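I have placed the structure first, in the form of structure tokens, so that the comments after it can refer back to it.
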Amino acid sequence: MSTPRIVVTGIGATSPIGGTAPESWSALLAGTSGARTLEHEWVEKYNLPVTFAAEALVRPETVLERPVAKRLDPSSQLAMVAAKEAWEDAGSPDIDPDRLGVDFATGIGGVWTLLDAWDVLREKGPRRVMPMTVPMLMPNAAAGNLSLHFHARAFARTVASACASSTESIVNAVQHIRDGLADVVIAGGTESAIHPITIASFASMQALSKRNDSPETASRPASIDRDGFVMGEGAGVLILETEEHAKARGAKIYASIVGGGVTADSYHITANDPEGTGAARAVRMALEMAGASADNVTHINAHATSTPVGDPNEYKALHTVFGDRIDEIPVSATKASTGHLLGGTGALEAIFTVLALQNRVAPPTINLTEQDPDVPFALSGSPVELGAGDQLAISNSFGFGGHNAVVAIASV
């Protein structure tokens, strides 16, 4: 029995640089930065050491119907916006609900709902806490609400593996379709955690850039003067199905998800393995599932968070797999533009990788000043043509807890 080919038939995104997938892609190619000074009273109230982030450019509550938005945490709002776009883009498939699944992800979940409810409890008492607080804050809220909205009854599963979450959800979706559990899957991830407590925590561990005077240039992967990542928020959704199913209903096809790898470092709760062993193994797993070799890869969307330690560790891992050829493969570090969407980042970057292959162009990496000799990726400040012929790309995501997830994507 042959293994079915899994294809992408719809994409949706709401990000710091665009309210839709096409808008985000256009802004990415134009070298736009989504990082901005935060205009919230709580920045000054708590005297936060970092005063900027990459908030979603279009607020989800301005897109959704008011009754819907009120029942959802901001993270689920973003997920709903991206999923509705992706579903419409896929042609709103007419499918038996029992054959439609949801594989979704978040790194943190409804942090705004949780902490707002805590404030209400302390200041106004238990009777004023909303009865929907728990259904709004739970990590599976986005998956559950998407299942309800789209009548997906095959399953509604949630991954929470920090910054690797939504890449892992895509890998899971591919496997679930191949296992025959669903014909169509809504896959992706979301995050809305730009909150004083998370900013304070990340800043305390020296993980965030502190370039308060120049937010738009703060995320600078592979630059020798990088000083940390920039928090971002948003969501990305891909509609996945077998090639046979997509062609039978006349759907357009963007690309194929041909492989995936998920591993764990078992090294440290926040730091990735400096030898990159687990990350390299995830890449090899993705290529093995794709039936490809390292020589076939023509583009890489790197995790590349702009942290002093993370960027060279990722380079070391990829050098283990690709050897010196890694210095020649066009690499994009798109967090330079979008910031780091935590649990939503893998889905957004998978979409960027899909569009890179479809348009035969690797997106630019902005803010690259002097490149760190320990991170000699083939990065460019301008879009790079990928050329004709078959294209194979990988998109990497690594997260706290030692999570590694890699997805392999092929052109069609």
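If both residues of a DSSP beta bridge must be in the chain, then about 70% of such bridges are antiparallel.
In order along the range 95-102, phi translates into HN-Hα couplings of 9, 4, x, 5, 10, 10, x, 10 Hz, rounded to whole numbers, per the Karplus curve 6.51 cos²θ - 1.76 cosθ + 1.60 with θ = phi - 60° and x for Gly and Pro.
Seen from residue 92, the other residues with C-beta closer than 11 Å to its C-beta sum to a net charge of -1, counting Lys and Arg as +1 and Asp and Glu as -1. Taking the fewest neighbouring Cβ atoms within 10 Å as the starting point, the ordered list for 270, 365 is 270, 365. One decimal place: the segment residue 248-residue 204 gains 10.5 nm when fully extended, by the rule 0.36 nm per residue minus the C-alpha distance.
For the chain, the equivalent ellipsoid derived from the alpha-carbon gyration tensor has semi-axes of 30, 28, 18 Å in decreasing order. Report the local net charge at residue 106: Lys and Arg +1, Asp and Glu -1, summed over other residues whose C-beta lies under 13 Å from its C-beta. Here the charged neighbours net out to -4. Convert 10 °C to kelvin, take the viscosity as 1.306 mPa s, use the Kirkwood radius over C-alpha pairs of the range 46-112 as Rh, and evaluate the Stokes-Einstein diffusion coefficient in µm²/s, rounded to a whole number. After rounding, the answer is 110 µm²/s.
Ordered by the number of other Cβ atoms lying within 10 Å of each residue's own Cβ, fewest first, 283, 361 fall into the sequence 361, 283. The H on the amide N of residue 259, modeled in the peptide plane, is under 5 Å from the matching H of 408, each at least 5 residues off or on a different chain.
Taking the fewest neighbouring Cβ atoms within 10 Å as the starting point, the ordered list for 88, 314 is 88, 314. Extension gain for residue 70 to residue 385 (0.36 nm times residue separation, less C-alpha to C-alpha distance): 109.0 nm. Hey, how many Å between the Cα centroid of the range 107-144 and the Cα centroid of the range 356-386? Measuring centre to centre over Cα atoms gives 41 Å.
Counting 0.36 nm for each residue step from residue 328 to residue 269 and taking away their Cα separation leaves a gain of 18.0 nm. Near residue 36, the amide H atoms lying under 5 Å from its own belong to 53, 54, 55; only residues 5 or more places off or on other chains count, and H is placed 1.01 Å from N. Amide H to amide H distances under 5 Å link residue 380 with 365, where only residues 5 or more positions off or on other chains count and H is placed in the peptide plane. With the simple spin-label model, which puts each label point 7 Å out from Cα in the Cβ direction, the residue 130 to residue 374 separation comes to 4.5 nm.
The lysine pair count for the chain, using Cα distances under 27 Å and pairs eight or more places apart or on different chains, is 11. Centre-to-centre separation between the Cα atoms of the range 31-83 and those of the range 205-246: 15 Å. In this rough spin-label picture, where each label sits 7 Å from Cα along the Cβ direction, the residue 94-residue 62 distance is 3.7 nm. Once both labels are positioned 7 Å from their Cα atoms along Cα-to-Cβ, the gap between residue 30 and residue 178 label points is 3.9 nm. Normalised Debye scattering of the range 159-261 at q = 0.23 Å⁻¹ gives log10 I(q)/I(0) of -1.20, counting only Cα atoms as equal scatterers and leaving out solvent. Across the chain, the longest run free of exposed loop sites, meaning chymotrypsin sites (Phe, Trp or Tyr not before Pro) lying outside DSSP classes H, G, I, E and B with no more than 15 other Cβ atoms within 10 Å, spans 47-266. Considering only alpha-carbon pairs that sit under 8 angstrom and 6 or more positions apart, the relative contact order computed for the range 4-51 is 21 percent.
Over the chain, calculate the relative contact order: mean separation of alpha carbon pairs under 8 Å at least 6 apart, over the residue count, as a percent. Across the chain, relative contact order equals 24 percent.
Each 10 Å bin from zero up to the one holding the largest Cα-Cα distance in the range 261-412 carries the following percent of pairs: 12, 46, 37, 5, 0.
Each reported figure results from applying straightforward, stated rules to the coordinates on display, with no laboratory input. Owing to the predicted nature of the structure, the values given are computational and were not obtained by experimental measurement. No Cβ is skipped: glycine too gets one built from the backbone with ideal geometry, and neighbour counts run over all protein chains shown.
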